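Notes follow the structure.
The values are calculated or read from the model by the stated rules, or taken from the named source; none is laboratory data. As the structure is a prediction and not an experimental result, all values here were calculated from the model. The area values use the complete protein model at the heavy-atom level, side chains included, leaving out ligands, DNA and RNA. Shrake-Rupley method; radii C 1.70, N 1.55, O 1.52, S 1.80 Å.
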Amino acid sequence: NPVMKNSVITVNDALKSRYLSDISKVRAGRNGLNKKISWVHIFEIRDVIKESIDSYGMILTTGIGFTDKTVAIDFVKALIEKHASALCIETALYYNEIDEEIIRLADDNDFVLIEIPVISRFIDISKGINTMILSAESKIYDKADKYDSKMSELETEGTLADGIKYTAQYLNV
């Protein structure tokens, strides 16, 4: 797994992971590569995006529902409005070529658009990257728990100065 800064998984981390590194290419939105990913969703149904997608989600789709260019553009617009971080489109089966208008829309909004030009196992990609996300979040909770335990210990056995000193060391200030 790539080295994660601040225990957050970014689009760039996901792209460098073994789940996407050999099968994907960024088509648009390179300025958004440092956006965090909250969860990876496998999504084909375009009508319920607002109810189904969290902010900072990464979406995997085959594009089977992109019956015409307008539908695909509306799908990408809805993801941008929901503050999704990235869209991965598998172009090997149903949606073979990403339209230039979609690429421009993604670039204009720093929305990362990733092409997966081979048939892939979305379940392995989502499971792998979601495990990376959970692992990173677990580290955050573990650090917070250790800090809280030490502060509780200092509250009963130390002084206010000890607590301030520990907090300064913890925050590296």
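Computed with every protein chain present, the accessible area of E155 is close to 150 Å² [probe 1.4 Å]. The C-alpha atoms of the chain define a longest principal axis, and helix 122-157 lies at about 20 degrees to it. Of the listed pairs K82/K127; K16/K165; K36/K146, which have alpha-carbon separations greater than 28 Å here? The pairs that break the limit, which is 28 Å between Cα atoms, are K16/K165. The angle between the Cα long axis of helix 69-81 and the longest principal axis of the Cα atoms of the chain comes to about 10 degrees, rounded to the nearest 10. Amide H contacts under 5 Å for S120: none, restricted to partners 5 or more places along the chain or on a different chain, H placed in the peptide plane at 1.01 Å from N. Largest mean-square fluctuation among E101, E90, E44, in a Gaussian network model of the chain whose springs join Cα atoms under 10 Å apart, belongs to E101. Estimated translational diffusion coefficient (Stokes-Einstein, Kirkwood radius over Cα pairs, 25 °C, 0.890 mPa s) of the chain: 139 µm² per second. Summed over the residues of the chain and divided among them, the accessible surface reaches 58 Å² per residue at a probe radius of 1.4 Å.
Ranking R18, R121 from most to least accessible surface, computed with a 1.4 Å probe over the protein chains only, gives R18, R121.
Report, in degrees rounded to the nearest 10, the 0 to 90 angle that the Cα long axis of helix 160-171 makes with the longest principal axis of the chain. So the inclination is approximately 30 degrees. Using just its DSSP H runs of length 4 or more, each adding -39500 (n - 2.57), the chain gives a mean residue ellipticity at 222 nm of -14500 deg cm²/dmol after division by all residues. Of all the accessible heavy-atom surface of the chain, with the other protein chains kept in place and a 1.4 Å probe, what percent is carbon and sulfur? Answer for the chain is 50 percent, counting heavy atoms of protein chains only.
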